[in-house]
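Note sheet for the following structure.
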Amino acid sequence: MRVQKMHPVIGLEILDLDLSNPLPDESFKQIRAGLNEYSLILIRNQNLTEEQHVNFSKRFGNLMTHVLTQYLTTPYPELYVLSNKSINGKPIGNHKEGWNWHSDWSYYEVPCLGSVLYAREVPPEGGDTLFSSMCAAYEALDDNFKKRLLGLEAVHSYVGYFGKAFKDRAPLSDAQRARTPDVTHPIVRTHPETGRKSLYVGEDIISHIIGLEKGESADLLAQLNAHAVSEEFVYRHNWREGDLIIWDNRCTMHCATPYDDQKYFRVMHRATIEGVDRPR
Ligand code: SIN
């Protein structure tokens, strides 16, 4: 397979691959190994049906369904739709989802392993996605600071996140709240396959760090979030239709950026790969 590195610390592009054709096990193994080494894989110029997107994603593991079931608007409940488009007055996807730094589904006890995002319709300008290597961010910390983080745990709250990100929406239903109780994760986690340590933080999802006074918790979180998305750790992806990106949520954060949503449509389909263990 022809490949090229995309950035000094994150991302590998695989060239000349057509995922609408059967993918031999050996090629999938190379993609899987590339994901461990580079945390993000880009495959451009794809022309996939929803079924092909789902079937390719399933090669990485079981797929999860999003708690916001109103945005599972394709025949495949495994696909979460992110979009500003409506059909007959009904949104086909969640608009402004992920416009903040986060790792997908960190609000579960066992968060997801990765995500497979496919660009179906993209604006000619804006709507980029930023991806940050949380391993590189952790490794760049000095030893004393690393020691300070040892053993610290933070509370990830989907209910808190939803209230901040989607103030204009109908509130979560009781069933949705029941599916998303607050959970606790370490601030530094170790990748179960590579053994590399990474920061595990996020902008709106973490309510506080356990055991720290409110101001101290907020200051430390702000410091870690700012460090984690320093320019040297971040790759900016300018989407083209047909781009497919797979990323490892165990060692990256990402953030979608705004676009002119009055002028352009953006339609993205995301499959989410089940995690197998709790962060530790
Ligand atoms: C997300 O998966 O959080 C959103 C990414 C995007 O829409 O670019």
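Can you compute the helix-only [θ] at 222 nm over the chain? Use -39500 (n - 2.57) per DSSP H run of at least 4 residues, normalise by all residues, nearest 500 deg cm²/dmol.
Theoretical 222 nm ellipticity from helices: -6500 deg cm²/dmol.
Rounded, prolate or oblate: which one fits region 221-280, using the alpha carbon gyration tensor with axes a ≥ b ≥ c (rounded when a/c is under 1.5, else prolate when a/b beats b/c, else oblate)?
Oblate is the answer for region 221-280, as a/c is 1.5 or above yet b/c matches or exceeds a/b.
Using a Gaussian network model of the chain with C-alpha springs under 10 Å, which one of Arg32, Arg250, Arg189 is most mobile by mean-square fluctuation?
In the Gaussian network model the winner is Arg32.
For each of Ser198, Ser173, count neighbouring Cβ atoms within 10 Å of the residue's Cβ, then give the residues from fewest to most.
Ordered from fewest to most neighbouring Cβ atoms within 10 Å, Ser198, Ser173 come out as Ser173, Ser198.
Out of every Cα-Cα pair in region 184-230, what percent are more than 12 Å apart?
64
Determine the relative contact order of region 2-273: mean sequence separation of Cα pairs under 8 Å and six or more apart, normalised by residue count, in whole percent.
34
Please compute the net charge surrounding Arg270, taking Lys and Arg as +1 and Asp and Glu as -1 over other residues with Cβ under 13 Å from its Cβ.
-3
For a quick check: sort Arg266, Arg59, Arg44, Arg2 by the number of other beta carbons within 10 angstrom, fewest at the front.
Arg2, Arg59, Arg44, Arg266
Going toward the positive end of the dipole of the chain, with +1 on Lys and Arg Cβ and -1 on Asp and Glu Cβ, which of Ile187, Ile41, His208 do you reach last?
Going by the charge dipole, the pick is His208.
Using Cα pairs under 8 angstrom and six or more residues apart, how large is the relative contact order of region 90-193, in percent?
34
When DSSP beta bridges are limited to those with both residues in region 2-273, what percentage is antiparallel, rounded to the nearest 5?
95
Any idea how many Lys pairs in the chain come in under 16 angstrom at the alpha carbon, given 8 or more places apart or on separate chains?
Total qualifying Lys-Lys pairs in the chain comes to 8.
Using the reciprocal of the averaged 1/r over all distinct C-alpha pairs, how large is the Kirkwood radius of the chain in Å?
Mean inverse Cα-Cα distance, inverted, gives 19.2 Å.
Readers should treat all values here as calculations from the given coordinates under stated rules, not as data from a laboratory. Please read these numbers as outputs of a predicted model, since none were measured by experiment. Quick reminder, even Gly has a Cβ in these numbers, built from the backbone with ideal geometry, and neighbours come from all protein chains shown.
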